[in-house]
Every structure is written in structure tokens, then in C-alpha cells.
Amino acid sequence: MTDATFFKGFIFILLVSASSCASVPRGTYGHDIPVAPDYSDPANWAALPDRLDSADAVPIRQWEDVQANAAVDVFFIHPTTYTGKSGQNEWNASLEDAKLNASTDKYPIRYQASIFNGAGKVYAPRYRQAHLNCFFTKKSSDASKALDLAYEDVRAAFQYYLDHYNQGRPFIIATHSQGTFHGKRLIHDFIDGTPIQKQLVVAYLPGLTVPANYFEHIPPCNSPDQTDCFCSWRTFKEGYIPKKLHFPDTNIVVTNPVTWDAALPTCEKETQLGGVLKDFEKVYPKLVCTSIHDDLLWVKKPKFPGSFLLTTRNYHIADYNFFYADVRHNAQVRVKAYLGKD
């Protein structure tokens, strides 16, 4: 299915699925490396809590953006938006690409990072993200170098955040897709078993696999109000087993982002708080029912205006947005638990 057809149905984030036709980066890695970002420059952040940006959006009037007075921070690492459109044929994105930055702000920051403005102050760095095809190309050495460069930026941004913004406050790590690829590494390098682990409220790491034992000191979350733990899931249509993405004999963590309870792997859609689809200013309650199958999160195909166009069985692009209200509420629950509130 083409991404053009997909976005006629609904828009969640500008992340093209594996079946799309992204261009392949030209040449070998290293012939045109973009300039490294300076994170003291606010322009190199897609979201900061003290300015107006897409992370401030709320889909319904009754919900509140609490960033001004929040006691907790959220460090959000956005997914791939560098997907092979016109001019996107280098291994890493340039932060000087205004069109790409606008797409990042319009889609993952608005449709994903905004989930967390009900729980904390949102910090989302721009970074020299690796090209989408780094996850599919046979040029593994070049792809690895491009992903390493992207991680260098994420690491630098987090260090800048710790040095200049955090001031010892609790924080949430939230990521998706390529963001999760870097987020896992960031938690491993900076947080797992270090003194700042005590500041970790929770990590949301959907879109890629995370083994239960990936971190030495940070376990999977098993209950809705557990803290100092991580959640992860990958969303597919009920009954679909993706051959290249299915790892049934591994200890991959699958959190049900409706129940948030390891003892409740299945729920009916009547218990689901809701998702945000193409119309950002509308929440669809009772959108999906969920179940865990091996390492996969299965959902029944949702019904919404234009849903007949949704023919893909890989719902990767909707890992957050099917569960927008559920993740938003859960982040609030865990923050209250961390802060010791009733």
C-alpha cells in the first residue's frame, strides 16, 4: 500500500512503513555528513516546555497542557521522518532541512509527543536521524554508521538536558521506532544502574522489540502504576503474524497499552479510553480491543471514517495513536505514583 493511500485513511505520524518506496541513500556512508547540532540553540529542539510548539497541542478542550507547572519532565525521541522524499538521499538528515523539520513538528511531535503534556514538561531534540532505509538496506555497515551518528546527537541532547534543564527532576523517557532504537541505548548508557535511575518515572519504548532482560536494573512494567520500569509493544492486526518481525521463542516484552497489567493481556474495546486519528481534535473512545500473542500486540481492525482504506496489517504507524488517551492517562497515573500522590 502506498503512503498516499494510507494518509487518505488517517494520519498519525510521518513514518513510512516497510512496504513503501523510499529512496536508497546514495553512495557509501561519510561523503556528506550534516553538521552536528548545538543543543544550546532552541532551534535544534522540536519541543521545549517554555515556548509554543506542536507538543503543546491537546485534542479536546477538557484536557490540560500542564507543562508550565509540571513536577516531571518528558524526554521524547521522535521516530523516522527522513523517509526518502525529494532531496532525502543522504544517510543522515540535516537539521537545516526546514521542510523535514516542519514534517517532524506536524506529525510525531503533534500526534505523539503531545500525549505527554498532561504529565510533564516535554523536551524533544531534533537529531541527524538515519534514513528510513537503514532499517532495510543490505549495506549494513553504512546503516550502522548512520544510526551511530544519529545516536551521538540523541546522547548529546540528553546530556545537555541533564546539564541545563533537568535540575534533578524526575523524568519520563518516551520514544517510537527509530527513537526507540536510540532510546534503548540511551537508557542502557545513562540510566540503567546509575545514580539518575532514581529519577526515572517510566520509559515508553514502543515500535521496536525490547527483550525483558535488555536492562540490568530496569524491569518491564507489570502494573499500571509501577514506576522505574519500561513498557513496549508493536501493533498488528489481529491474526496477522509478520514472518520477519515475529520472534515467538524470545523474551520480548509486550505491554498491553489499555490494561497496562501483565495479568490482563486481553481487553475488550469498551474498556479502551481512545485514540486520535487524522482529525487531531477528536478522540475516538472504544476504538480497539487488544490481545497479546507471543511478542505481538494484536488489535482488531478499528472502525472510523475512512477505515475501509486501511488495508495494511502492520499498525506500526499507530503504536501510540490507537492508544493516545490510554498512554496519556497512564503517564499521569505513573507520575502520581512516583510523586506519592493519592
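General observations
- Check on K106, touching a residue at least 40 places away in the same chain (Cβ under 8 Å), of a type outside the set (S, T, N, Q), farther than 20 Å from A203 by Cβ and in a helix (DSSP H, G or I): yes
- Within region 46-84, the set of residues being closer than 29 Å to R26 by Cβ and either free of Cβ contacts under 8 Å to residues at least 40 places away in the same chain or in a strand (DSSP E or B) (or both) comprises A46, I77.
- When the residues of region 179-203 are filtered to those that are assigned to a helix (DSSP H, G or I) and either touching a Cys at 6+ places or on another chain (Cβ under 8 Å) or hydrophobic (A, V, I, L, M, F, W, C) (or both), the one that is farthest from Y127 (Cα to Cα) is I196.
- For region 303-342, a residue qualifies if it is among the charged types (D, E, K, R) and surrounded by 18 or more Cβ atoms within 10 Å (Cβ to Cβ), and the qualifying residues are D319, D326, R328, R334.
- Checklist (1) surrounded by 17 or more Cβ atoms within 10 Å (Cβ to Cβ); (2) under 24 Å from L132 (Cβ atoms) applied to G274, failing item: (2)
- Within the option set W233, W260, being crowded, with 18+ Cβ neighbours inside 10 Å, touching a strand residue (DSSP E or B) at 6+ places or on another chain (Cβ under 7 Å) and either touching a residue at least 12 places away in the same chain (Cβ under 8 Å) or not in a loop (DSSP other than H, G, I, E, B) (or both) holds for one residue only, W233.
- Qualifying residue in region 106-121 (condition: of a type in the set (F, W, Y), surrounded by fewer than 24 Cβ atoms within 10 Å (Cβ to Cβ), under 15 Å from the mean Cα position of the chain (by Cα) and modelled with pLDDT of 95 or more): yes
- Meets criteria (within 21 Å of the chain's Cα centre (by Cα), buried (at least 22 other Cβ atoms within 10 Å of the Cβ) and modelled with pLDDT of 85 or more) for V58: no
- Exactly one residue among D163, D142 is assigned to a helix (DSSP H, G or I) and modelled with pLDDT of 95 or more, and that residue is D163.
- Selection of region 144-198 for residues being of a type in the set (A, V, I, L, M, F, W, C) and in contact (Cβ under 8 Å) with a residue 60 or more places away in the chain yields A146, L149, V154, A156, A157, F158, F171, I172, I173, A174, L186.
- Some residue of region 87-95 being among the polar types (S, T, N, Q) and either within 22 Å of D163 (Cα to Cα) or surrounded by fewer than 18 Cβ atoms within 10 Å (Cβ to Cβ) (or both): yes
- For region 115-138, a tally of residues being touching a residue at least 12 places away in the same chain (Cβ under 8 Å) and either basic (K, R) or touching a Ser or Thr at 6+ places or on another chain (Cβ under 7 Å) (or both) returns 5.
- Restricting T255, T250 to residues that are surrounded by 17 or more Cβ atoms within 10 Å (Cβ to Cβ) and part of a loop (DSSP other than H, G, I, E, B) narrows the list to T255.
- Residue count for region 116-137 under the criterion of being within 12 Å of F75 (Cα to Cα) and among the β-branched types (V, I, T): the result is 1.
- Some residue of region 289-302 being under 18 Å from the mean Cα position of the chain (by Cα), part of a helix (DSSP H, G or I) and buried (at least 17 other Cβ atoms within 10 Å of the Cβ): no
- Residue match in region 112-127 (condition: of a type in the set (A, V, I, L, M), touching a strand residue (DSSP E or B) at 6+ places or on another chain (Cβ under 6 Å) and within 22 Å of H316 (Cα to Cα)): yes
The values are calculated or read from the model by the stated rules, or taken from the named source; none is laboratory data. Predicted, not measured: the structure shown is a model, and the values here were computed from it. Counting neighbours? That spans all protein chains shown, and the Cβs are built from the backbone with ideal geometry, glycine included.
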